[in-house]
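A.B. asks: Here you go, one structure.
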Amino acid sequence: MEGVHVIASETCATATDRQGMFDLQCDAEDLFSTLQLSQTTPLPVTLHIQSLGYQPEILQGTATYKPGSRTSDAGTWSFQWNASRAITNANLLPNNSPTHKENRDAQPLFIQLRATHYKAGTVVVTATRTQKDLEEVTLPVSVITEREISNSGSTRISEILEEQTGLQLTSDFGTGIQIQGFDADYTLIMLDGEPLIGRIAGTLDLNRISVHDIRQIEIVKGPSSALWGSDALAGVINIITKKKTDPMAADLSVRYGKNNAADLGGTLHINREKASHRLFLNGNRSDGYKLNSTLTGQTVPEFRNGTASYRGTVQISDRLTSTTSLRYFREKLFSETVLQINETQQTEVRTDDTQDDISATQRFLWTPFDQVETSLSWYYSTFSSESILTQIESGEFFERLYFRQTYQKPELQTDIRWSSYHQSTVGFGLIGETLSSQRYPSDPQVSTRFAYAQQSWSPIPGILEFTAGLRFDHHSDYKAQLSPKFSARYRISDRLQLRASAGRGFKAPDFRQLFLDFTNSTAGYTVYGSSTVREGLQQQIERGLIAQIFLAPEQLSEIRAESSWALNSGFDLDITPDFRFRTNLFWNHVTDLIEIAPIARRTTGQSVFTYFNLDEVITRGGEAEIRVLLAESWTVLAGYQFLDARRLIETTKTVQDDEGELIQVTEKRFEPMFNRSAHTGNIRVFYQGIDGWKGALKGTFRGRYGLFDRNANGFADQDEYESASMIWDLSAGKTIRFQTPQRPELTLRTGIDNLLDYTDINQPFYAGRLWYVQLQVRL
Amino acid sequence: MNTVTRTFIRTFTRTPLWFALPALALLLLQACGTTNSSDPVSNTESQLVEDLAALGENGVFTLFNLRTGEATTDSTSTNWDIGFRGTTLIFNSGSSGPGQGGVVLLDLPFDDVTLAPSEGYQADSADNYAISTGSGTGWYNYTGEGFPPFAILPRENVTLIIKTANGSNYAKLEILSYYEGNPDPTSDEFVNIQTRSASRYYTFRYVVQQTEDLREF
């Protein structure tokens, strides 16, 4: 095995070569003190052996020095190692040398490394922007592996995320995810390390992403703005696509289920010596469904979508690689709704929505030296959405709504591995964004310049590690952001590892909050973004439309990004090698949350609104997860999260003093937020037999949560809670392996989602009981 | 116009003795033992008004006299204290009428208010109603797409203190419902918009102090 680090007594280190051999040369003076060297008794030596994806081995041994018979002979060191569980041969006899050096000689030391608890070689990139073993990251990171994804029978990533501990699906103009109590807008969603765009009302619809060509999904909880910038306030979800090394590989999957839900997807990998290609195609459709029979239109509309993606890698030289990625996604939705034209008139309309999402990345990876890796990338993405509304009765055109966003990001990142102890990452780049929509007459453009640096220091490699990061974002339309982050991990023993981190996260004001210029013609109110409010209000004043100004535009302070400070700390405990307990406690304090508030009153009595930094939120809680491997074939996972999410409520009340006279009392309290469950949990049982049979039973629990503010006091009162729910999914399948050289595989699976047929109009992503059959072929 | 049904619980009850004790004690202290035969005697009257229609046809307010418990439509007189039209409330002074009235919105439960403040009464003006017409800022909350959907529900623990049109009587008032028949807003019948009873029918309760210039309830 190549690249295994071997460190003697924490002072001198080397790494294994391609054959897995190592030659550790150390000065005796480095290993031992002068006092120790003057003795002939055995001296203690430790060897740390570590590699990505494997449990670090620590060898305790003794070194004994025998003086040479002649004065010119420096004598002989002999080593004795305590043979621990993984060591098959633990004798090392170095020869003598005039400079007291250890040398690989007579008998080699065989060391067999054990894979870590997760699948061997689970390497994550999201936590540090560099490849790092999941076991060695200083942050709370969880990984959904390809095996878990393919075993789940899911087709869209929302279905697989919903089962994870501490993640809660939300529904607000698309299916989003709630992490540590934050709405979907506060989690950065990335595909191969590049942000996905096209958020509607803050939600990036997770149903846009197929699970087919995904190798793993990495979930980092807690703010990661120090590395990834805006939106990484609650966490980061990074979707990593498949990479194969076989000369040629292909897979195909077909699924059909209730509501005419069909999914067809296939991947083709071709790997040549200097170039590799991957092509992925997917089509997905459903008739949608209706949960409330009294309303016009469906809860989830009929849709069909398609994804095509390509990635090509060319090895230009030994030290230079070029990777090109292209992705195209198109979705069409068809729905019927009742629209209120004015106070008395309403009309039924049919909406045809089309969404197009295109992205392209060109990346050069240059390794000038073994320890240095530089990546130059250019990411381009565009998202457009068009809605055509037609009156059903008359067939007449009613309205066209459109929205188009582009995002470009050139970026340069360099990683330097100075030694086993120090590793640095630095990078900088530029983001340019444009938007056009009927609600943004100015076709706004914004830019961000950013730079970041991260330093990892391992005083005891494999045991103790500290990471510090800092990122600076300079934006054209809001105040610049400085986001630091510190994290540490300490492996107390083979079985116990602690993690802790503190950092800052931010979320940039979105286009709506910056540039909106919208007047509701029926109700007569106006909403301006923070960058359009001065000019817009001035125009209204000149036209004599303003009756009263609450706050002069020149008194408005520059809008700030919503920002947080957060703490995370937890531990992994391996009660047995097959029984892991993992926990993380979190605390987030968010300030400057952007809220809409009136700035002036029009002569019509209606208000003019703009956006202010007003709100404050604290979320805190903890999660715990157990992962048990039973008798090779069974895996049991169970998770639980406790969450306490509160918003600062400031109320001014008019009450009376003892004399009955009026007094104003201002109360500041943190009160429970809506749509947050204090208790959520899951249990997942997977069976994968050697005979090819496989099965999964998954239960997802959601505790009671505040549903709607009946008394408009801004927080969830006890009588505003919706009751708890539990969703069960069951699937079973069989894999047949053919004994030809290619070893192709065929898997047939059938399953029932939402076994107990739970539905709730407020959680439209639960469609009621659904059955499906799926066929997967792997060549 | 729909008929207005009113239920009177016109019980000219004397305020219980303990109710007046603090005030009496205060008076005793101030008077240093001297007796004053002209001390005003509290005379409160509790009423429940059901389904007062405020349909606002042709923009007309349904005007109500809290002292007599009678409805009228002549806004130019001082024969009314509070007016209703849809969700809008008016009071007899300022831009709304010739009277000396006014209103205070107190964030206190109806039963906790035992004394009207001496000052701070708001009058309607051309720009602003004394009781804001918006959801959550005046007397009601609008539920929008929430639960029950598209409903006007009175804010809890809000009491209106009204100075009557003559400027010398005080009343405390709590709006109980905006819908005909004062339905339970959590009932299935109310939650379904199709079966919900008609809006713009006020049910409210109030206590008026019939003794002039006395602020106790």
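A.B. asks: Here are some conditions: (1) in contact with a helix residue (DSSP H, G or I) (Cβ under 8 Å, 6 or more places away or on another chain); (2) within 14 Å of another protein chain (Cβ to nearest Cβ); (3) modelled with pLDDT of 85 or more. A:A716 meets all but one. Which one does it not meet?
C.D. replies: Single failed check for A:A716: (1).
A.B. asks: Yes or no: A:Y328 over 30 Å from A:T16 (Cβ atoms), surrounded by 15 or more Cβ atoms within 10 Å (Cβ to Cβ) and of a type in the set (S, T, Y)? Talk me through it step by step, then tell me what you get.
C.D. replies: Numbers: over 30 Å from A:T16 (Cβ atoms): yes; surrounded by 15 or more Cβ atoms within 10 Å (Cβ to Cβ): no; of a type in the set (S, T, Y): yes.
Against the criterion (over 30 Å from A:T16 (Cβ atoms), surrounded by 15 or more Cβ atoms within 10 Å (Cβ to Cβ) and of a type in the set (S, T, Y)), A:Y328 does not qualify.
A.B. asks: Name the residue, out of A:G176, A:G193, that is within 14 Å of the chain's Cα centre (by Cα) and within 15 Å of A:R208 (Cα to Cα). Talk me through it step by step, then tell me what you get.
C.D. replies: Numbers: A:G193 fails: within 15 Å of A:R208 (Cα to Cα).
Unique residue meeting the criteria: A:G176.
A.B. asks: Across region A:656-679, what is the number of residues that are within 14 Å of another protein chain (Cβ to nearest Cβ) and assigned to a strand (DSSP E or B)? Working first, answer last.
C.D. replies: First, pick out the residues of region A:656-679 that are within 14 Å of another protein chain (Cβ to nearest Cβ): A:656-667, A:674-675.
From what's left, assigned to a strand (DSSP E or B): A:656, A:662-667.
Here the count works out to 7.
A.B. asks: Kindly provide the set of residues from region A:222-250 that are touching a residue at least 40 places away in the same chain (Cβ under 8 Å), surrounded by fewer than 22 Cβ atoms within 10 Å (Cβ to Cβ) and of a type in the set (D, E, K, R), ordered by number.
C.D. replies: Passing the criteria: only A:K242.
A.B. asks: Search region B:121-146 for residues that are more than 10 Å from chain A (Cβ to nearest Cβ) and outside any strand (DSSP E or B) and pair each with any residue that is surrounded by 13 or more Cβ atoms within 10 Å (Cβ to Cβ) and charged (D, E, K, R) when their beta-carbon atoms are under 9 Å apart and the residues are at least 6 apart or on different chains.
C.D. replies: Short answer, once both residue conditions are applied: B:A130/B:D124; B:I131/B:D124; B:G138/B:R155; B:W139/B:R155.
A.B. asks: Does region A:331-338 contain at least one residue that is out of contact with any strand residue (DSSP E or B) (no Cβ under 7 Å at 6 or more places or on another chain), surrounded by 16 or more Cβ atoms within 10 Å (Cβ to Cβ) and in contact (Cβ under 8 Å) with a residue 12 or more places away in the chain? Write out each step before concluding.
C.D. replies: Initial filter on region A:331-338 (out of contact with any strand residue (DSSP E or B) (no Cβ under 7 Å at 6 or more places or on another chain)): none.
Taking every residue of region A:331-338 in turn, none turns out to be out of contact with any strand residue (DSSP E or B) (no Cβ under 7 Å at 6 or more places or on another chain), surrounded by 16 or more Cβ atoms within 10 Å (Cβ to Cβ) and in contact (Cβ under 8 Å) with a residue 12 or more places away in the chain.
A.B. asks: Hey, another quick one. Could you grab me the full set of residues in region A:467-482 that are outside any strand (DSSP E or B) and touching a helix residue (DSSP H, G or I) at 6+ places or on another chain (Cβ under 9 Å)?
C.D. replies: Keep residues of region A:467-482 that are outside any strand (DSSP E or B), which gives A:476-480.
Scanning region A:467-482 gives A:D477, A:Y478.
A.B. asks: Please indicate, with yes or no, whether at least one residue in region A:131-142 is closer than 30 Å to A:T747 by Cβ and hydroxyl-bearing (S, T, Y).
C.D. replies: yes
A.B. asks: How many residues, within region B:122-181, are among the hydrophobic types (A, V, I, L, M, F, W, C), more than 17 Å from B:R85 (Cβ to Cβ) and at pLDDT below 90?
C.D. replies: Qualifying residue count, region B:122-181: 3.
A.B. asks: I would also like to ask the following. Scan region B:90-105 for residues that are within 13 Å of chain A (Cβ to nearest Cβ) and either over 15 Å from B:V158 (Cα atoms) or in contact (Cβ under 8 Å) with a residue 60 or more places away in the chain (or both) and jot them down.
C.D. replies: Step one: of region B:90-105, the residues within 13 Å of chain A (Cβ to nearest Cβ) are B:102-105.
B:G102, B:V103, listed by residue number.
A.B. asks: Do you know which residues across region A:730-755 are touching a residue at least 24 places away in the same chain (Cβ under 8 Å) and within 30 Å of the chain's Cα centre (by Cα)?
C.D. replies: Let us first name the residues in region A:730-755 that are touching a residue at least 24 places away in the same chain (Cβ under 8 Å), namely A:730-737, A:742, A:744-751, A:753-755.
Of everything in region A:730-755, those that are touching a residue at least 24 places away in the same chain (Cβ under 8 Å) and within 30 Å of the chain's Cα centre (by Cα) turn out to be A:L730, A:S731, A:A732, A:G733, A:T747, A:R749, A:T750, A:G751, A:D753, A:N754, A:L755.
A.B. asks: Could you list, in sequence order, all residues of region B:147-163 that are outside any strand (DSSP E or B), surrounded by 17 or more Cβ atoms within 10 Å (Cβ to Cβ) and either more than 9 Å from every other protein chain (Cβ to nearest Cβ) or not charged (D, E, K, R) (or both)? Spell out how you get there, then give the answer.
C.D. replies: Quick first cut of region B:147-163, residues outside any strand (DSSP E or B) only: B:147-151, B:155-158.
So of that shortlist, the ones also surrounded by 17 or more Cβ atoms within 10 Å (Cβ to Cβ) come out as B:147-148, B:151, B:155, B:158.
Residues satisfying the conditions are B:F147, B:P148, B:A151, B:V158.
A.B. asks: Search region A:519-532 for residues being surrounded by 20 or more Cβ atoms within 10 Å (Cβ to Cβ) and not β-branched (V, I, T), and hand back the single one that is farthest from the chain's Cα centre (by Cα). Give the steps one after another, and end with the answer.
C.D. replies: We begin by selecting, within region A:519-532, every residue surrounded by 20 or more Cβ atoms within 10 Å (Cβ to Cβ); these are A:526-532.
Next cut, not β-branched (V, I, T) only: A:528-531.
Details: A:Y528: 32, A:G529: 29, A:S530: 30, A:S531: 31 Å.
Among residues in region A:519-532 that are surrounded by 20 or more Cβ atoms within 10 Å (Cβ to Cβ) and not β-branched (V, I, T), the one farthest from the chain's Cα centre (by Cα) is A:Y528.
A.B. asks: Here is a further query. Pick from region B:164-199 the residues that are within 12 Å of chain A (Cβ to nearest Cβ) and part of a loop (DSSP other than H, G, I, E, B): which of them is surrounded by the most Cβ atoms within 10 Å (Cβ to Cβ)?
C.D. replies: B:P185
A.B. asks: Checking B:R67 against (1) within 12 Å of chain A (Cβ to nearest Cβ); (2) in contact (Cβ under 8 Å) with a residue 60 or more places away in the chain; (3) among the basic types (K, R): exactly one of these is not met. Which one?
C.D. replies: Of (1) within 12 Å of chain A (Cβ to nearest Cβ); (2) in contact (Cβ under 8 Å) with a residue 60 or more places away in the chain; (3) among the basic types (K, R), only one is false for B:R67: (1).
A.B. asks: What is the residue count in region A:591-634 for residues that are of a type in the set (S, T, Y), modelled with pLDDT of 85 or more and out of contact with any Asp or Glu (no Cβ under 9 Å at 6 or more places or on another chain)? Don't jump to the end; show me each part of the working.
C.D. replies: Taking region A:591-634 first, the residues of a type in the set (S, T, Y) are A:591, A:603-604, A:607, A:610-611, A:619, A:633.
Adding the requirement that they be modelled with pLDDT of 85 or more leaves A:591, A:610-611, A:619, A:633.
So of that shortlist, the ones also out of contact with any Asp or Glu (no Cβ under 9 Å at 6 or more places or on another chain) come out as A:610, A:633.
Count: 2.
A.B. asks: Only residues that are within 24 Å of the chain's Cα centre (by Cα) and on the phi > 0 side of the Ramachandran plot: list them for region A:430-455, please.
C.D. replies: none
A.B. asks: Counting only residues that are under 14 Å from A:A716 (Cα atoms) and either away from every other protein chain (no Cβ under 14 Å) or among the charged types (D, E, K, R) (or both), which one in region A:644-655 is surrounded by the fewest Cβ atoms within 10 Å (Cβ to Cβ)?
C.D. replies: Across region A:644-655, the extreme among qualifying residues is A:D644.
A.B. asks: So A:S424 ticks every box in (1) buried (at least 20 other Cβ atoms within 10 Å of the Cβ); (2) part of a strand (DSSP E or B) but one. Which box is left unticked?
C.D. replies: Unmet for A:S424, out of (1) buried (at least 20 other Cβ atoms within 10 Å of the Cβ); (2) part of a strand (DSSP E or B): (1).
The values are calculated or read from the model by the stated rules, or taken from the named source; none is laboratory data. The shown structure was predicted, so the numbers you read here are calculated from the model rather than taken from an experiment. So basically every Cβ, Gly included, is an ideal-geometry build from the backbone, and we count neighbours across all protein chains shown.
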